[in-house]
């Protein structure tokens, strides 16, 4: 039997606030365990939560970017459960009155652009972190609790069950990440846990409209592992079903080392979190103008920008896709494009040499001045430097921040062109390498390359390659 | 007359005129505590050293001519569910027996800022759950009017401290009558302010939507003095009310002309002592005699109020008390795995009444029961609010009993939770409505035990309550409101419970 895969994602992103959702503690990642804590985020007896306005702004911004309908009145509820990382034994979350209802994201999936719908977007607080003795939650002898993370504002985004493969889930997540980065709501660092994803996955006979029994997959720590874990889960469920078995509703853990999912706990129905309205907070009431202002401040989002880059600069789809993968890259391109008309040439240099040098040096794009790249490319186009020199200068520009214009002048890197300048060098090389000249005259084409190389060496690589070639052939 | 026999206002005046020093005042109360508390057991923790230190600082400040708060140097007792920095705050529970908060409740900070020496932390029913102070994990507190009887609860320790002259003022907390009922049973004045008038920050939560810090004092004026200090908006408590705080000591001249008073008529007075009803009627007659327009108001939802309260409060409690899991602070039992650790910690750390309410609340919030219990109770609460709004269109003030009976015997109701719950029947609907409510001594039962009246006003109308309480004080005559405590002088009286 052919099965259709049905996947819904539940994504948590930490909002980029300086302080936590309900207290003034810092949200900085990586501090000494339990150093960014206070009575409120530790849930000490008698402490009370107070809203962080900035978190509400970022949550609304993200909801708007996700086309979710922002509710002017939403409410916080307590989600009650016992776990050592949860200081109050309840999480302040949103239940039946979330901040954002619905929403969607347009994603390029196999078979073209598709709208993936969202169920809801809501604001809640982050739990602490447990560090297990040993390397896995299973069989750990003891665990240590770090509450630095507890109380960081978290946005939960729930998709409709509308994704159909690990690959689709991954693509969706990549687009979601880029969107959230653009909106400035989160830094979405999966490796630091500021973007996390759980997936509900089930199989059903093709053509059926009834959802199959689902498994919830957790602990997928990269986009790649989301894809791998879901593909693994598809194969596992397929096997169970094809052998006539039934899939059991369960929560499983992706084991990155073993590349397989492991059952964490079985579920009988859904857990009873005994939600009820949080009596320590008033309902969240937003002014209409507050939401409208945030909507106006929303930057151009990646999908729109992609189309505009193609149209305005005549870029190919792939080029536009790469340049919009994060906001800074697109901004860099557009800043440079203002001063440089060779758009595709510029795009090629950015996605090729510039990104390569950034990766190599560990530098960040915002440390590079777009005007410097423009200077470099203009000199290349004018023939004042040659391509190898340009590449070398770009590397130095990224690594040590030199101004290529100055370097060209100071080091005399300008290309040597013109008969008068090149001929003396060429004649000297011919005189010093009679053997190679003979070889060339006898038809060995390779000898010409050798002679070109000699001239280049003598001019420290600055000779105009085309003219050099022409003059050399003319002379011998 | 001993210093400990004075009201807070008198002490304040004597301190400001330098007739006495704060050290002398504090010593007098400490001696009184030494004399009677080993018997009455109002305090869980006594803090004589810090109290004398504070008193000494205030005295030297006064010598230097510093501008001091009127209550500076006047000592105070604090209920042991209000967090005090570096001073253990137990909630009368084993689970917090050794818990020392690293921060002050906003109300405790206010008391400290004013320079009030803190005499100690007073006993209560565990986590404020109870009406007799018998649910304290440590010991019950005795009623100074009759040591065989309870002082009421949960703020029994605070009420006894003030009634027996161990403190001129005390802070308490009222969730469903926990200030008013013990004040009534001990013959003192107890105010539950409007919900949100006093910050809850640092008050260990029992039922967040109902908890409110309030005052216990000898009279309405003293109450106003302390209320001035603790009332007001607190940015640390999202549910605290904005707006300026009036001077509660101003405009308290008794005046009842034209005051529209609704005397509460209960749909059922089963369980009410007839002398209680009589006392309320006498009070109504006195008001009418002095120009008030007295009518009858029937709060038909009172019966449902009790049921609604005993669903809402335990529901919130079940969630609020989840944090006592042995991981971060408080009592912690060992276990082979996390579940055993949790259940042993809570099983050994909580007393029976707390467990009962956590179970009731957990049940009421569970999937499939939420709509029938919690949600229904919240709907009843809304109806009760509306009933109050309606009543306050017709009346400025509601008058009723603060407790259906005078103090009952220790052990009398502890085995019957429903009977115990019924002892808050007069207080609970005010709590659900969030309105201010005050218990003021109304007379004595033929047994010699004090009886309290309860006055209820519109939100933020604390001044009207205080003013009317002053009226009753003025017409009370020469009755001594101090328990004799002869049983202690006679060598401890009857055997300990």
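The values are calculated or read from the model by the stated rules, or taken from the named source; none is laboratory data. These numbers were taken from a predicted model, which means no experiment stands behind them. Cβ placement follows ideal geometry from the backbone for every residue including glycine, while neighbour counts extend to all protein chains displayed.
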**OP:** Could you please give the count of residues in region A:355-380 that are on the phi < 0 side of the Ramachandran plot and either in a loop (DSSP other than H, G, I, E, B) or in contact with a helix residue (DSSP H, G or I) (Cβ under 7 Å, 6 or more places away or on another chain) (or both)?
**Re:** 18
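If the requirement is being touching a helix residue (DSSP H, G or I) at 6+ places or on another chain (Cβ under 8 Å) and either closer than 30 Å to residue A:323 by Cβ or in the same structural domain as residue A:326 (by TED's automatic domain parsing) (or both), which of these qualifies: A:462, A:384?
Values: A:462 fails: either closer than 30 Å to residue A:323 by Cβ or in the same structural domain as residue A:326 (by TED's automatic domain parsing) (or both).
Answer to the check: A:384.
If a residue has to be in contact with a helix residue (DSSP H, G or I) (Cβ under 7 Å, 6 or more places away or on another chain) and either under 19 Å from residue B:225 (Cα atoms) or free of Cβ contacts under 8 Å to residues at least 40 places away in the same chain (or both) to count, how many in region B:458-471 make the cut?
Initial filter on region B:458-471 (in contact with a helix residue (DSSP H, G or I) (Cβ under 7 Å, 6 or more places away or on another chain)): B:458, B:462, B:466, B:469-470.
This time we only want the ones that are either under 19 Å from residue B:225 (Cα atoms) or free of Cβ contacts under 8 Å to residues at least 40 places away in the same chain (or both), so: B:462, B:466, B:469-470.
Here the count works out to 4.
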**OP:** Might you check whether a residue that is under 26 Å from residue B:247 (Cβ atoms), within 22 Å of the chain's Cα centre (by Cα) and outside any strand (DSSP E or B) occurs anywhere in region B:51-64?
**Re:** no
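Scan region A:47-72 residue by residue and report those that are outside any loop (DSSP other than H, G, I, E, B), more than 20 Å from residue B:237 (Cα to Cα) and in contact with a strand residue (DSSP E or B) (Cβ under 6 Å, 6 or more places away or on another chain). Explain how you work it out, then say what you get.
First pass over region A:47-72, keeping only residues outside any loop (DSSP other than H, G, I, E, B): A:53-65, A:69-70.
Cutting the leftovers down to more than 20 Å from residue B:237 (Cα to Cα) gives us A:57-65, A:69-70.
Within region A:47-72, A:59, A:60, A:62, A:63, A:69, A:70 qualify.
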Subject >> Search result, residues across region A:211-229 that are free of Cβ contacts under 8 Å to residues at least 60 places away in the same chain and either within 19 Å of the chain's Cα centre (by Cα) or not assigned by TED's automatic domain parsing to the domain that holds residue A:8 (or both) >> reply: A:219, A:220, A:221, A:222, A:223, A:224, A:225
**OP:** Give the residues of region B:270-284 that are in contact with a helix residue (DSSP H, G or I) (Cβ under 9 Å, 6 or more places away or on another chain) and under 17 Å from residue B:440 (Cβ atoms), sorted by residue number.
**Re:** B:283
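I'd like to check something: does region B:67-85 contain any residue that is assigned to a loop (DSSP other than H, G, I, E, B), within 14 Å of another protein chain (Cβ to nearest Cβ) and either closer than 19 Å to residue B:151 by Cβ or touching a strand residue (DSSP E or B) at 6+ places or on another chain (Cβ under 7 Å) (or both)? Working first, answer last.
Within region B:67-85, the subset assigned to a loop (DSSP other than H, G, I, E, B) is B:67-75, B:80-81, B:83, B:85.
With the extra rule that they be within 14 Å of another protein chain (Cβ to nearest Cβ), the set shrinks to B:80-81, B:83, B:85.
Remaining after also requiring either closer than 19 Å to residue B:151 by Cβ or touching a strand residue (DSSP E or B) at 6+ places or on another chain (Cβ under 7 Å) (or both): B:80-81.
Among the residues of region B:67-85, at least one is assigned to a loop (DSSP other than H, G, I, E, B), within 14 Å of another protein chain (Cβ to nearest Cβ) and either closer than 19 Å to residue B:151 by Cβ or touching a strand residue (DSSP E or B) at 6+ places or on another chain (Cβ under 7 Å) (or both), which makes the answer yes.
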**OP:** Could you run through region A:20-60 and say how many residues are on the phi < 0 side of the Ramachandran plot, surrounded by fewer than 21 Cβ atoms within 10 Å (Cβ to Cβ) and away from chain B (no Cβ under 14 Å)?
**Re:** 8
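What about residue B:332, is it within 14 Å of another protein chain (Cβ to nearest Cβ), surrounded by 15 or more Cβ atoms within 10 Å (Cβ to Cβ) and not in a helix (DSSP H, G or I)? Steps first, answer last, please.
Values: within 14 Å of another protein chain (Cβ to nearest Cβ): yes; surrounded by 15 or more Cβ atoms within 10 Å (Cβ to Cβ): yes; not in a helix (DSSP H, G or I): yes.
The answer is yes for residue B:332.
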Original post:
Looking at residue B:310, is it within 14 Å of chain A (Cβ to nearest Cβ) and touching a residue at least 12 places away in the same chain (Cβ under 8 Å)?
Top reply: no
Original post:
When you go through (1) within 14 Å of chain A (Cβ to nearest Cβ); (2) within 24 Å of residue B:319 (Cα to Cα) one by one for residue B:179, which number turns out not to apply?
Top reply: (1)
Original post:
Given the conditions (1) in contact (Cβ under 8 Å) with a residue 60 or more places away in the chain; (2) surrounded by fewer than 18 Cβ atoms within 10 Å (Cβ to Cβ), which single one is not true for residue B:289?
Top reply: (1)
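Residue by residue, here is whether (1) modelled with pLDDT of 95 or more; (2) in a loop (DSSP other than H, G, I, E, B) holds:
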residue: B:355; (1), (2): yes, no
residue: B:374; (1), (2): yes, no
residue: B:378; (1), (2): yes, no
residue: B:381; (1), (2): yes, no
residue: B:391; (1), (2): yes, no
residue: B:414; (1), (2): no, yes
residue: B:421; (1), (2): no, no
residue: B:439; (1), (2): yes, no
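For (1) part of a helix (DSSP H, G or I); (2) under 22 Å from residue A:43 (Cα atoms), each residue gets a yes or a no:
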site	(1), (2)
B:91	no, yes
B:111	yes, no
B:135	no, no
B:139	no, no
B:153	no, no
**OP:** Taking the options B:453, B:465, B:481, B:485, name whichever one is at pLDDT below 95 and either within 19 Å of the chain's Cα centre (by Cα) or within 19 Å of residue B:224 (Cα to Cα) (or both).
**Re:** B:481
**OP:** Return yes or no: is residue A:187 assigned to a loop (DSSP other than H, G, I, E, B) and under 21 Å from residue A:129 (Cβ atoms)?
**Re:** yes
Original post:
From the residues in region B:89-110 that are within 20 Å of the chain's Cα centre (by Cα) and surrounded by fewer than 24 Cβ atoms within 10 Å (Cβ to Cβ), which one is nearest to the other protein chains (Cβ to nearest Cβ)?
Top reply: B:104
**OP:** Go over the candidates B:321, B:241 one by one and state the one that is within 14 Å of another protein chain (Cβ to nearest Cβ) and assigned to a loop (DSSP other than H, G, I, E, B).
**Re:** B:241
**OP:** Taking residue A:83 as the residue in question, decide whether it is assigned to a loop (DSSP other than H, G, I, E, B), touching a residue at least 60 places away in the same chain (Cβ under 8 Å), in contact with a strand residue (DSSP E or B) (Cβ under 9 Å, 6 or more places away or on another chain) and assigned by TED's automatic domain parsing to the domain that holds residue A:287.
**Re:** no
Original post:
What tally of residues in region A:1-15 results from selecting those that are in a loop (DSSP other than H, G, I, E, B) and either crowded, with 23+ Cβ neighbours inside 10 Å or out of contact with any strand residue (DSSP E or B) (no Cβ under 9 Å at 6 or more places or on another chain) (or both)?
Top reply: 1
**OP:** Please find, within region B:358-378, the residue that is nearest to the other protein chains (Cβ to nearest Cβ) out of those that are closer than 20 Å to residue B:302 by Cβ and over 27 Å from the mean Cα position of the chain (by Cα).
**Re:** B:373
